[in-house]
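Chemist: I have a structure here, written as structure tokens, and I will follow up with some questions on it.
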């Protein structure tokens with residue numbers, strides 16, 4: 001009896017695109033850009049994953065979810081590898097992922113605005129004249145302000161809209 | 001990717017990696033003590049997130065330490081089953097939390113060093129160190145911006161907040177010198193190109209701290225006395241209490257999982 005051919009990589013990527021992020025189930029692991037590589041090594045499927053934040057507690061759950069999803073599609077020999085370099089950046093969140101975030105009530109990251117640890121821009125930020133403009137994901141107004149650079153998960157900051165008065169999460173840039 | 005390409009005394013390398021990991025672990029644990037106790041919700045969340053980043057970085061550093069040591073010790077094993085004399089963190093990070101201002105001052109003095117260290121480590125001869133540093137630097141950039149902002153707000157705040165921040169600075173400043181003191185371990189790392197000579201980070205740290213303290217209307221203390229000992233395992237009594245709290249479960253139920 002012939003062994004069935006292993007699934008094509010495009011098929012595997014498609015399956016992974018159906019696995020939701022455990023913390024923000026509106027987007028998938030591929031939307032988030034944390035699946036860095038998928039390849040067959042002999043008869044073993046090797047999936048390479050990068051963490052978002054080094055202490056993100058979702059990392060373990062993500063690995064379990066990947067394994068469960070691929071096994072449910074009949075992949076038997078499977079290995080997950082962690083890759084730290086290059087470090088994950090919010091720039092890797094797909095355009096589709098950004099739309100899904102917005103629809104879910106989370107303002108997507110504004111690329112190129114990551115903190116760099118150089119304090120030069122601090123005075124402007126303290127004075128409230130930062131040029132970072134975040135549109136409210138609820139009403140679309142740009143009359144918004146930062147409450148805290150940290151939020152409900154490591155990847156988010158807390159903002160509020162001064163037009164519709166709703167608080168919202170901003171997926172901060174790293 | 002292996003570390004075999006970098007010729008360095010492995011015992012010294014293990015010690016140095018424990019210094020990096022233990023700084024993150026002990027400060028991360030200290031900051032986590034605030035969870036549920038902060039003055040406002042947003043600060044509670046920010047402190048918990050900072051602690052989480054530091055514990056995540058601990059796993060990377062101590063994980064690599066265990067790999068370099070080659071005796072099968074994991075990051076968890078190193079965190080939970082060493083006693084105080086085996087810990088290599090600087091004394092600054094084990095200082096008690098004190099009030100909110102003291103916690104933020106300690107954080108800022110450490111963050112300013114941490115940022116410079118991680119910048120330099122991204123050029124490490126060992127790619128395993130460089131990639132951890134690149135990952136951690138992105139997180140620490142946010143820590144530093146936040147702690148600097150709050151030191152300025154509280155220093156240049158009310159009479160009460162200013163007085164508390166000055167008191168915190170006076171108490172903590174004598175613990176900062178240890179971060180820049182090089183010993184044989186640091187020299188071995190610098191010679192192997194793994195890490196910078198810590199003394200080389202001093203000028204940039206002085207600039208950052210000087211600038212922020214000036215904006216915060218705080219005065220750097222006179223006097224040159226500096227506490228030392230943490231990097232070689234001579235700790236203050238504070239560390240024992242941290243370990244009693246942090247290690248209890250694994251000591252009572254070794255290998256326990258849930």
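Chemist: What is the distance, in nm, between label points placed 7 Å from the Cα along the Cα-to-Cβ direction at residue B:123 and at residue B:33?
Modeler: It works out to 3.7 nm between the two label points.
Chemist: Using a basic spin-label model with each label point 7 Å from the Cα along Cα→Cβ, how many nm lie between residue B:238 and residue A:18?
Modeler: In this crude label model, residue B:238 to residue A:18 measures out at 5.3 nm.
Chemist: For segment A:45-63, list residues with backbone N below 20 Å from a point placed 7 Å from the Cα of residue A:77 toward its Cβ?
Modeler: A:45-49
Chemist: Rounded to whole Å and sorted largest first, what semi-axes of the equivalent ellipsoid does the C-alpha gyration tensor of segment B:1-151 yield via the square root of 5 times each eigenvalue?
Modeler: Details: eigenvalues 155, 57, 30 Å².
Its equivalent ellipsoid spans semi-axes of 28, 17, 12 Å.
Chemist: Separate question: By how many degrees, 0 to 90 and rounded to 10, does the Cα axis of helix B:127-155 deviate from the longest principal axis of chain B?
Modeler: 10
Chemist: Any chance you could tell me what percent of the C-alpha pair distances in segment A:9-82 go past 21 Å?
Modeler: Here the long-distance tail beyond 21 Å is 17 percent of all Cα pairs in segment A:9-82.
Chemist: How crowded by other chains is B:121-130, given as the mean number of beta carbons from other chains within 10 Å of each beta carbon?
Modeler: Per residue, the number of nearby Cβ atoms from other chains is 1 on average.
Chemist: What percent does the relative contact order of chain B come to when contacts are Cα pairs within less than 8 Å and at least six residues apart?
Modeler: Relative contact order for chain B comes out at 25 percent.
Chemist: Still on this structure, please answer the following. Can you give the angle from 0 to 90° between the axis of helix B:100-121 and the longest principal axis of chain B, with both taken from C-alpha atoms, to the nearest 10?
Modeler: Between the helix axis and the principal axis of chain B, the angle is about 40 degrees.
Chemist: Shifting gears a bit: Translational D (Stokes-Einstein, µm²/s) of segment A:34-174 at 20 °C and 1.002 mPa s when Rh comes from the Kirkwood sum over C-alpha pairs?
Modeler: My calculation gives 125 µm²/s for D.
Chemist: Hey, what's the per residue convex hull volume over the C-alpha atoms of the protein assembly as shown, in cubic angstrom?
Modeler: Enclosed volume per residue, from the Cα hull, is 158 Å³.
Chemist: Counting only DSSP beta bridges with both residues in the protein assembly as shown, what percent are antiparallel, rounded to the nearest 5?
Modeler: Here the share of antiparallel DSSP bridges comes out near 70 percent.
Chemist: Per residue of B:133-141, how many C-beta atoms from partner chains lie within 10 Å of its own C-beta, taken as a mean?
Modeler: Partner-chain Cβ atoms within 10 Å, mean over residues of B:133-141: 6.
Chemist: Just the number, please: Stokes-Einstein D of chain B in µm²/s, Kirkwood Rh from C-alpha pairs, 25 °C, 0.890 mPa s. Kindly include the intermediate steps, with their values, before the conclusion.
Modeler: On the way: Rh = 18.6 Å.
Rounded, D is 132 µm²/s.
Chemist: Based on the Cα coordinates of segment B:62-137, what is the per residue volume of their convex hull in Å³? It would help to have the intermediate numbers written out before the result.
Modeler: Details: hull volume 8.8 nm³, N = 76.
So the per-residue Cα hull volume is 115 Å³.
Chemist: Measure nothing but the geometry: give the 0 to 90° angle between the long axis through the Cα atoms of B:159-172 and the longest principal axis through the Cα atoms of chain B, rounded to 10°.
Modeler: The two axes meet at around 30 degrees.
Chemist: If I model a spin label at residue B:161 and residue A:141 as a point 7 Å from the Cα along the Cα→Cβ vector, what separation in nanometres do I get?
Modeler: Computed distance between label sites residue B:161 and residue A:141 equals 2.6 nm.
Chemist: How crowded by other chains is A:49-56, given as the mean number of beta carbons from other chains within 10 Å of each beta carbon?
Modeler: For this peptide, the per-residue mean of nearby foreign Cβ atoms is 6.
Chemist: Between segment B:118-189 and segment A:132-146, what is the C-alpha centre distance in whole Å?
Modeler: Their Cα centres are 32 Å away from one another.
Chemist: From Cα pairs below 8 angstrom and at least 6 apart in sequence, can you work out the relative contact order of segment B:41-181, rounded to a whole percent?
Modeler: For segment B:41-181, the relative contact order is 25 percent.
Chemist: If you don't mind, there's one more thing I want to ask. Output the relative contact order of chain A, whole-number percent, from Cα pairs under 8 angstrom with separation of 6+ residues.
Modeler: Values: 268 pairs, mean separation 31.5, N = 174.
Normalised by residue count, the contact order of chain A is 18 percent.
Each value in this text was obtained by applying a stated rule to the coordinates, not by laboratory testing. Note that this is a predicted model, so its numbers are computed, not measured. Reconstructed Cβ throughout: ideal geometry from the backbone, glycine too, with neighbour counts over all protein chains shown.
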